[in-house]
Amino acid sequence: FCPVALVAWLLQYGGYRTTCIPANAQQDLGPLLRAVTRTTMAPGGYKLEQVYAPLSAPIRPLSDDMLRNRAKQFFSDMGSTKAIGLHSFRIGGATAAAEHGVADTVAMRHGRWQSAQVHQHYTSHFVRDILNITQCLGLGD
């Protein structure tokens, strides 16, 4: 379960508006992680409860507890028997950023890591392992 792929799936099937809107637009597109409804009518089986809202009444994000519970249920529904928590998204995001050449300083700022040592804990062994697997499969240089 790759967190980047799951976000791409979420954007596609969740009905999120992914095009840029003007800075002076009078609507809130809401946070990425927000309430969804299970339905048989939408592709993927889920739809956003609100796609956009007026700026005077913005869309609220999910609470930490609600997000944690929904993530556990989602992974269970997808057939995962592993204990995947929200922290997996942090590790997966840091790894994807490293794989795509994002500068360490940018990733550290985004991940709110104070030291390079902590940042490396989240990325270096994953990238090294991935590169090793790629080379073993004969897909790398």
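The values are calculated or read from the model by the stated rules, or taken from the named source; none is laboratory data. Everything quoted here is computed from the prediction, not taken from an experiment. Cβ placement follows ideal geometry from the backbone for every residue including glycine, while neighbour counts extend to all protein chains displayed. Ligands, DNA and RNA are stripped out before the accessible areas are found, and what is left, the full protein with its side chains, is counted by its heavy atoms. Shrake-Rupley method; radii C 1.70, N 1.55, O 1.52, S 1.80 Å.
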Of the residues that sit in the range 46-61 and are at pLDDT 80 or above and surrounded by 15 or more Cβ atoms within 10 Å (Cβ to Cβ), which one is nearest to Gly30 (Cα to Cα)? Ile59
Can you pull out every residue in the range 85-122 that is exposed (fewer than 14 other Cβ atoms within 10 Å of the Cβ) and either under 22 Å from Asp65 (Cβ atoms) or polar (S, T, N, Q) (or both)? Gly85, Leu86, His87, Thr105, Arg112, Gln114, Ser115, Gln117
Every residue in the range 63-84 that is open to solvent by 30 Å² or more (accessible area, probe 1.4 Å) and in a loop (DSSP other than H, G, I, E, B), please. Ser63, Met78, Gly79, Thr81, Lys82, Ala83, Ile84
Residue check, Gly14 on the phi > 0 side of the Ramachandran plot and either charged (D, E, K, R) or in contact with a Phe, Trp or Tyr (Cβ under 8 Å, 6 or more places away or on another chain) (or both): no
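This table checks each residue for (1) modelled with pLDDT of 80 or more; (2) more than 27 Å from Asn132 (Cβ to Cβ).
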residue: Val36; (1), (2): no, yes
residue: Ser63; (1), (2): yes, yes
residue: Gly85; (1), (2): no, no
residue: Gly101; (1), (2): yes, no
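Quick check on my filter: what residues within the range 11-32 are outside any loop (DSSP other than H, G, I, E, B), more than 19 Å from Pro54 (Cβ to Cβ) and modelled with pLDDT under 75? Step through it out loud before you land on a result.
Pass one, the range 11-32, residues outside any loop (DSSP other than H, G, I, E, B): 11-14, 27-28.
So of that shortlist, the ones also more than 19 Å from Pro54 (Cβ to Cβ) come out as 11-14.
Result: Tyr13, Gly14.
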Hits in the range 65-83 (condition: among the basic types (Lys, Arg) and modelled with pLDDT of 80 or more): Arg68, Lys72
